[in-house]
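Data block below; observations after.
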Amino acid sequence: MMSPRLQIAPNGPEFSRIVLGLWRLSSWQMNPTQRVAFLQAALALGITTIDQADIYGDYTSELLLGEAFAEMPSLRTQFQIVTKCGIQFPAALRPAQTSHIYNTTREHIIASAENSLRSMQIDAIDLMLIHRPDPLMEADEIAAAFTHLQERGIVKYFGVSNFSHAQFELLHSRYPLVSNQVECSLMQMAPIYDGCFDLCQRLRIAPMIWSALAGGSIFSDSGTDAQRIRVALDTIAERLEVSVSCVALAWLLNLPSRPLVLTGSSRVAVLKEAVQAAHLQLSREHWFDLWRAAQGADIP
Ligand SMILES: NC(=O)c1ccc[n+]([C@@H]2O[C@H](COP(=O)([O-])OP(=O)(O)OC[C@H]3O[C@@H](n4cnc5c(N)ncnc54)[C@H](OP(=O)(O)O)[C@@H]3O)[C@@H](O)[C@H]2O)c1
């Protein structure tokens, strides 16, 4: 079974619906050969899109991916690369950065894109996101930086992450954005209700979802909410003869804004379950059973 693909916005790029999240890459202790094998396993499942950020692993995650690409150069052209910029903190690899700030200045965005290219040893970034909304962001300045990078062929498309619908609309009015990457899961439903996914559906833009399994809390949290969710997931997973994570991810993939879902696991078995989820149509009854379990209450 292969991940379906989706054009994520009008005139936007085509990505795999399941995206390989590499936030935790540096903690996986993989050597370059193991990293290559992991990337090949993802490709074999049709997972051709990678999610990165300059800051992941204290600025090491992009370097680790770059090492894998250097080990097997043919991998570079088989993946679409998403990365992020706009957060800065002191780190061994960034000795000039002395404080923890958001930085969406033109200089920082351009320098960040150039750094990410060098770190990942690639020629172009497919999609670059502003990582978090910056209270000091000036939409015209960001749009100018995007235009500059796009004209140089360094970055093909731009988007944002963790933006409210109003913040998205502001920047989108200056430069055509192709996605908003936000947290959503059975334990975090905010974007379903705060207008974020409604705006995506209106603009025919696919959101990207991070921590779709609540960072693993869906399986491990001891609170009553998580316990209720697990009981509902178990019941439906057993009925449909699929895994619990497959059902939890299908619940998101069935949303009408057609989100892309990011994985966060180092295990190929979990990637397989995510791909299976992208093919699983949940009935409305099952979808609302999970909603009820997550809310701890019936629909009004
Ligand atoms: N834009 C943003 O602000 C933002 C923020 C955070 C993350 N992200 C992106 O989103 C990606 C995914 O986020 P995430 O890592 O939080 O995703 P997640 O899928 O919610 O959580 C992954 C964690 O859950 C565990 N897990 C997965 N399946 C499991 C299972 N069946 N049983 C037990 N544990 C399981 C994994 O452990 P194992 O490795 O052992 O499977 C891993 O530690 C990141 O890699 C990053 O690319 C973006």
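The values are calculated or read from the model by the stated rules, or taken from the named source; none is laboratory data. Keep in mind that what you see is a predicted model, and the values were worked out from it rather than measured. Methodologically, a virtual Cβ is constructed for each residue, glycine included, from the backbone with ideal geometry; neighbour enumeration extends over all protein chains shown. What goes into the accessible areas is simple: the full protein's heavy atoms, side chains included, and nothing from ligands, DNA or RNA. Shrake-Rupley method; radii C 1.70, N 1.55, O 1.52, S 1.80 Å.
Give V242, V270, V275 a once-over and let me know the one that is buried (at least 16 other Cβ atoms within 10 Å of the Cβ) and touching a Leu at 6+ places or on another chain (Cβ under 6 Å).
Working: V242 fails: touching a Leu at 6+ places or on another chain (Cβ under 6 Å); V270 fails: touching a Leu at 6+ places or on another chain (Cβ under 6 Å).
Selected residue: V275, the only one of V242, V270, V275 that is buried (at least 16 other Cβ atoms within 10 Å of the Cβ) and touching a Leu at 6+ places or on another chain (Cβ under 6 Å).
Would you confirm, using the coordinates I've provided, whether L280 is open to solvent by less than 50 Å² (accessible area, probe 1.4 Å), out of contact with any Leu (no Cβ under 6 Å at 6 or more places or on another chain) and within 14 Å of the ligand (Cβ to nearest atom)? Steps first, answer last, please.
Numbers: open to solvent by less than 50 Å² (accessible area, probe 1.4 Å): yes; out of contact with any Leu (no Cβ under 6 Å at 6 or more places or on another chain): yes; within 14 Å of the ligand (Cβ to nearest atom): no.
Taking the combined requirement at face value, the residue does not satisfy it.
Table: residues versus (1) over 15 Å from S61 (Cα atoms); (2) within 15 Å of the chain's Cα centre (by Cα); (3) of a type in the set (S, T, N, Q).
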{"position": "Q7", "(1), (2), (3)": "yes, no, yes"}
{"position": "N11", "(1), (2), (3)": "yes, no, yes"}
{"position": "R17", "(1), (2), (3)": "yes, yes, no"}
{"position": "Q29", "(1), (2), (3)": "no, no, yes"}
{"position": "P32", "(1), (2), (3)": "no, no, no"}
{"position": "A37", "(1), (2), (3)": "yes, no, no"}
{"position": "L45", "(1), (2), (3)": "yes, no, no"}
{"position": "T48", "(1), (2), (3)": "yes, yes, yes"}
{"position": "D51", "(1), (2), (3)": "no, yes, no"}
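Restricting the search to region 97-142, which residues are farther than 19 Å from N162 by Cα, out of contact with any Pro (no Cβ under 9 Å at 6 or more places or on another chain) and outside any helix (DSSP H, G or I)?
Correct list: I122, D123, A124, I125.
Is region 221-232 home to any residue that is open to solvent by less than 30 Å² (accessible area, probe 1.4 Å) and closer than 23 Å to Q52 by Cβ?
No, region 221-232 contains no residue that is open to solvent by less than 30 Å² (accessible area, probe 1.4 Å) and closer than 23 Å to Q52 by Cβ.
Cβ contacts < 6 Å: first residue touching a residue at least 60 places away in the same chain (Cβ under 8 Å), restricted to region 212-228; second residue part of a helix (DSSP H, G or I) and away from the ligand (no atom under 14 Å from the Cβ), any location; separation 6+ or different chain. Result?
Close Cβ pairs (under 6 Å, with a partner that is part of a helix (DSSP H, G or I) and away from the ligand (no atom under 14 Å from the Cβ)) amount to R228/A293.
Between a first residue in region 79-95 that is outside any strand (DSSP E or B) and a second residue that is surrounded by fewer than 13 Cβ atoms within 10 Å (Cβ to Cβ), which pairs have beta carbons less than 9 Å apart while being 6 or more apart in sequence or on different chains?
So the pair list comes out as F89/S99; F89/H100; P90/T98; P90/S99; P90/H100.
Restricting attention to region 82-111, which residues are farther than 13 Å from Y56 by Cβ and either open to solvent by less than 10 Å² (accessible area, probe 1.4 Å) or touching a Cys at 6+ places or on another chain (Cβ under 9 Å) (or both)?
Matches in region 82-111: G86, N103, T104, H108, I109, A111.
I'd like to verify a number: residues in region 122-136 that are away from the ligand (no atom under 16 Å from the Cβ) and not β-branched (V, I, T), how many? Before the answer, list the steps.
We begin by selecting, within region 122-136, every residue away from the ligand (no atom under 16 Å from the Cβ); these are 122-124, 135-136.
Going one step further and asking which of them are not β-branched (V, I, T), we end up with 123-124, 135-136.
Count: 4.
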